[in-house]
Amino acid sequence: MAANETGHKLLEVSGLTMDFGGLRAIDNVGLDIYEGEIVALIGPNGAGKTTFFNCVTGIYEPTGGDVKIYPKGNGSKRINGMKPNRITALGMARTFQNIRLFPAMTVLENVMIGRHCRTRNGILRAIIGGAAMAREEKESIEKSYQLLKKVGLADVADEFSRNLSYGAQRRLEIARALATDPFLLLLDEPAAGMNPQETLELDALITRIRDEEKVAILLIEHDMKLVMNISDRIYVMEYGKKIAQGTPLEIKENPKVIEAYLGEEAHA
Amino acid sequence: MMHLKRSLSIGLWFMFLTLPLMVVRVNTVSREIEWRWMNLVWAGVCAFAIAWLWQFSIERRAAKRMQVATDDHPEKRQHSLAQRLADDPVLSRRVLIGVGLLALVFPWLVSSGNSFYHINVMVSALIFVVLGLGLNITVGLAGLLDLGYIAFFAVGAYTYALLSKNFDLGFWTCLPIGGVMGMLFGVVLGFPILRLRGDYLAIVTLGFASITKIVLENWDTVFGGAAGIANIPRPDLFGFELDGRQKAIYIYYIVLALVALTVVVTTRLKNSRVGRAWMALREDEIASVAMGVDMAQTKLSAYALGAFWAGLVGVVFAAHNNFINPDSFTFMDSAMILAMVVLGGMGSILGVIIAALVLKLLPEYLRAFAEYRMLVFGAVMVLMMIFRPQGLINDMRRKYECDTAGGESDNGGK
Amino acid sequence: MDFEYLFQLLCSGVVKGSIYALIALGYTMVYGIIQLINFAHGEIYMIGAFVALIITGVVTLSGYSGFSVLILAAVVAAIYAAAYGFTLEKIAYRPLRGAPRLSPLISAIGASIFLMNYVQLAQTPDFLPFPELVPEFEFMEPWVQYVSSVDMVILVVTALVMVALTVLIKYTRIGKAMRATQQDQVMARLVGINVDRVISATFVIGSILAAIGGVLIASRTGQINTAIGFMAGIKAFTAAVLGGIGNIPGAVLGGLVLGIAETFGAGYISSAYEDVFAFGLLVLILVLRPAGLLGKAVKQKV
């Protein structure tokens, strides 16, 4: 685990509650993320982790509580119920538990979509063309290509994304999310379905992203080895509630956590 | 042997199925019953033959799927003729020039003296090419199922008809107005249905178009009702009077220019930030919104831009026919344009052009089979979905060339 | 306030609504089970009417007449409609199971166009008269201005059909299998339900209902042509969506609401714009409450 300097706060979730009709999926959950951190959100299946992501990224509007982000030190912004594309434009991007790529578009184009909120070429510019339009296009292509290189997919840039292997698709999703220039990246089970070798590479990739791109990371994961290895802090959820938070060492020894979850499989 | 037995039973089944409708014809006026037993035999034989063919085709399709699923090297998959053509810039340029020249001299090739029947046919076909390309934006690129596209076409046509009749505005003035009116309607239609998807979207758009048609049919005072509006002026050439044949040729070139314009604009849109946003929305709305695409803006632009072409070419349609009535804007027409987009290959410009020309020209020149036109059309739609759902031309994605030094070129998406 | 007129419209609306309900049931059942709008369902309705016409034609020209002829025609029409529905599913929809949603929709539109033109070519695109086979019941005499004998038959038949369908869905094996398949197709397969057969059965039942509707409407209006399928289909689909697609009582409710709304609109506002009321209602419902009156909004899992 690399040494990091914790800077200012990036994301502050307090008292988050999410109800679906009569079902309370998330109950009074709080979470903070600081600059330069890698934070993990773990818990047994059905604990509400992906729902938490969805609430924070605007897919659901939380029933109660506050979700605040601090985009580049300009004070806080409450983003409850904001449309996902606006939240992404503010600097928070995500990947999905069940990979959601654009199958009929190429690998490069998938990443270029990430550049959408950072570029401005509109309909008029598209039709008329011109220097500014061409410049922006070229820049998009370049940046996207660089990101593909970073995740090791540069050689399949022109391939349809649906033709990639599972592990490659997961990396592509990460590249796509990075293309939005986020200050915080939310990864939903990035290691799911990966073999130990791929997981090691993912570990290195995530750390590199944190160090080189200066992006903080919040990840949901079930692979305990990865989580213990890579995280600065961990939050644990069960049945929609937060039951523990702390460093990996603290979590490993927390009796509540062990009881809920780690008991069966102490990987680390 | 299995094939034989199955085909036989299918043949018999269809004989049973078609018995009342194809064999019996009751004439209550003359109080007679016509028994057409030959039809029964025909039905049985055809069903038998088709069943046999069908089973072969299904087997081949399944075998192909197996091959694709176990394919170790998907990148090396064999590319279609069209793709190989597009990848060869020299050849494709030559083909393009050839087709372009042919299109330019077309009127002089097919007409002589005062006959301009073929020119008129081609004008109709080209109008539908533009319609297909317009719908290609909404359905093919953005994936927004619009079953009522013909309504925008009607808007354009009636705009010109009414403006010229009531305000004496000329063709060239009304042309852009028609496009803008279409666009406005597109936005008005799109706005309330932003949240709808798939089948529901299709049905609502169908509902909108039906309402439009009924209003056109019944609001006599403004729209002329079922009788429509007549004496719509043809476009003039700087005030010169043109005879029938010259007018036809003039309109031909206007439509040809429109087609070229549509192709250029659509290609540019497709390969731009906007086009990518449309396609992302089509592929996965939730993911694209999560990646920063504004759903409302992007969808509305797709509706608006698609409807614009329909409105635009609606003006030309009215000018070409001199007369419009609601019968030109039925659901069948919407279905036909949708078929052009889907059968041509969603998003593929070349595919849509080919499909449009085939669907419009074939019936004209196979007049002998005119009766069966719609029947074949319906059957083709079903068969294409089963055997070649991706359409004529698989949308070939643009290949970007980039190196670290910053160079970039492309082979153009078709 | 002209109550007599109001009541007339109400009765007329309920009768119309019953026919819509019969057709809507077919739509809603098929959509509930395979999420497909069976565009060609309206044509099945039309085919039912045509087969009935042919049977009545043949039988009456051989000298018979009366209510029993109608019943015979209805039975044969139902059988044929079931056959057509079954064949339609096998040819146009089954090969497309699992394909993206656009493919079956296009196939459905193609099938609809094919069937309509098929009947047009085999028979005629003109209007054909349907014989009056429903006798004037004596006990209907005092109500005749509101509800004719034919209308009475329609109401009774529809009510009986509803009861029969409810019994089928709730208490029979096939009904349970249909409900299971509707809720979770994969699971249904795993517990041994032959999903293909259940889907076929759904189409068959829907087609029978549509055919009955076709025969009834033919009796009521006295004439049919090949174009009746399209309009009736759209309206019935409106009814199904109105009540909540996939929901059987919803289809009935939707049918009645649509029939009454349409008749009132035509009666009080304008008869020329009758269809606009139906479409307007459709658009309104889909925009404001896509789940329909009795449906439940389903949240998509991300």
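Some notes on this structure:
- Between 0 and 90 degrees, the angle of helix C:248-264 with respect to the longest Cα principal axis of chain C falls at about 40 degrees.
- Gyration tensor verdict on region B:86-216 (Cα atoms; rounded if a/c is under 1.5, prolate if a/b is larger than b/c, oblate otherwise): oblate
- Per-residue average of Cβ from other chains inside 10 Å of A:106-119: 5
- Cβ-Cβ FRET estimate between C:ARG179 and B:LEU104, R0 fixed at 60 Å, reported to 0.05: 0.40
- Relative to the longest principal axis of the Cα atoms of chain C, helix C:195-221 runs at roughly 20 degrees.
- Between helix A:166-178 and chain A there is an angle of about 80 degrees, using the helix long axis and the longest principal axis of the Cα atoms.
- Rounded to the nearest 500, the 222 nm mean residue ellipticity of chain A from helices alone is -10500 deg cm²/dmol, with -39,500 (n - 2.57) taken per DSSP H run of at least 4 residues.
- Computed over region C:16-229: relative contact order in percent, which uses C-alpha pairs under 8 Å that are six or more apart: 43
- Here the label points at B:GLN246 and A:LYS83, each 7 Å from Cα along the C-beta direction, are separated by 5.3 nm in the simple model.
- If you bin all the Cα-Cα distances of region B:83-401 at 20 Å, starting from zero, the percentages per bin are 32, 59, 9, 0.
- In this simple spin-label approximation, B:VAL215 and B:TYR117 carry label points 7 Å from Cα along the Cα→Cβ vector, and these lie 4.0 nm apart.
- Amide H within-cut-off set for B:GLN390, under 5 Å, with H built and near neighbours excluded: none
- Equivalent ellipsoid dimensions for chain C as semi-axes, Å, which come from the Cα gyration tensor, largest first: 30, 24, 19
- A Stokes-Einstein calculation at 37 °C with viscosity 0.692 mPa s, built on the Kirkwood radius of region A:100-181 over Cα pairs, returns a diffusion coefficient of 256 µm²/s.
- 3J(HN,Hα) couplings calculated from phi for region C:167-176 with the Karplus curve 6.51 cos²θ - 1.76 cosθ + 1.60 (θ = phi - 60°) are, in sequence order, 4, 4, 5, 7, 10, 8, 5, 5, x, 5 Hz; Gly and Pro show x.
- Amide H contacts under 5 Å for A:ARG94: A:LEU186, restricted to partners 5 or more places along the chain or on a different chain, H placed in the peptide plane at 1.01 Å from N.
- Whether region C:202-302 is rounded, prolate or oblate, judged on the alpha carbon gyration tensor where a/c under 1.5 counts as rounded: oblate
- Counting Cβ atoms of other protein chains within 10 Å of each residue's Cβ and taking the mean over peptide C:32-39 gives 2.
- Highest mean packing comes first when the peptides B:379-386, B:201-208 are listed by Cβ atoms within 10 Å, giving B:201-208, B:379-386.
- Rounded to the nearest 20 debye, the dipole magnitude of the protein assembly as shown is 1180 debye, with +1 charges on Lys and Arg beta carbons, -1 on Asp and Glu beta carbons, and the Cα centre as origin.
- Sites excluded, trypsin sites (Lys or Arg not before Pro) in DSSP loops with at most 14 other C-beta within 10 Å, longest stretch of chain C: C:98-295
- Semi-axes of the equivalent ellipsoid for the protein assembly as shown, Cα gyration tensor, largest first, Å: 52, 38, 28
- Sites A:ASP66 and C:LEU293 - FRET efficiency at Förster radius 56 Å, r taken between beta-carbons, to 0.05: 0.95
- Rounded to whole numbers, the Karplus 3J(HN,Hα) couplings from phi for region B:374-386 are 5, 4, 5, 4, x, 5, 4, 4, 5, 5, 4, 5, 7 Hz, using 6.51 cos²θ - 1.76 cosθ + 1.60 with θ = phi - 60°, and x at Gly and Pro.
- Cα lying deepest toward the dipole's positive end in the protein assembly as shown, options C:GLY48, B:GLY98, C:TYR64, charges on Cβ: B:GLY98
- Between B:ALA368 and B:LYS5, the C-beta separation translates, for a Förster distance of 51 Å, into a calculated FRET efficiency of about 0.90.
- Scattering curve values for chain A, log₁₀ I(q)/I(0), Debye with Cα scatterers, q = 0.10, 0.11 Å⁻¹: -0.51, -0.62
- log₁₀ of I(q)/I(0) at q = 0.14 Å⁻¹ - region B:1-52, Debye sum with one point per alpha carbon: -0.40
- Out-of-range pairs (alpha-carbon distance over 30 Å; input A:LYS72/A:LYS143; B:LYS270/C:LYS90; A:LYS138/B:LYS360; A:LYS49/B:LYS64): B:LYS270/C:LYS90; A:LYS138/B:LYS360; A:LYS49/B:LYS64
- Charging the Cβ of each Asp and Glu at -1 and of each Lys and Arg at +1, and nothing else, the dipole of region C:16-229 about its Cα centre rounds to 1080 debye.
- Only helices enter the 222 nm calculation for chain C: every DSSP H run of n ≥ 4 contributes -39,500 (n - 2.57), and dividing by all residues gives -24000 deg cm²/dmol, rounded to 500.
- Between the listed residues B:LEU206, B:PRO235, B:ASN218, the Cα displaced farthest toward the positive end of the dipole of region B:194-237, a dipole computed from Cβ unit charges relative to the Cα centre, is found at B:LEU206.
- The mean number of partner chain beta-carbon atoms within 10 angstrom of a residue's beta-carbon across peptide B:207-219 is 5.
- Cut-off under 5 Å, modelled amide H: who pairs with B:LEU144 long-range: B:VAL139
- For region C:51-57, backbone phi angles converted through the Karplus equation (6.51, -1.76, 1.60; θ = phi - 60°) give residue-by-residue couplings of 4, 4, 4, 5, 4, 4, x Hz, Gly and Pro being listed as x.
Values quoted throughout were computed directly from the atomic coordinates according to the rules given, and no laboratory measurement underlies them. Just so it is clear, the model here is predicted, and its values are computed rather than measured. Counting neighbours? That spans all protein chains shown, and the Cβs are built from the backbone with ideal geometry, glycine included.
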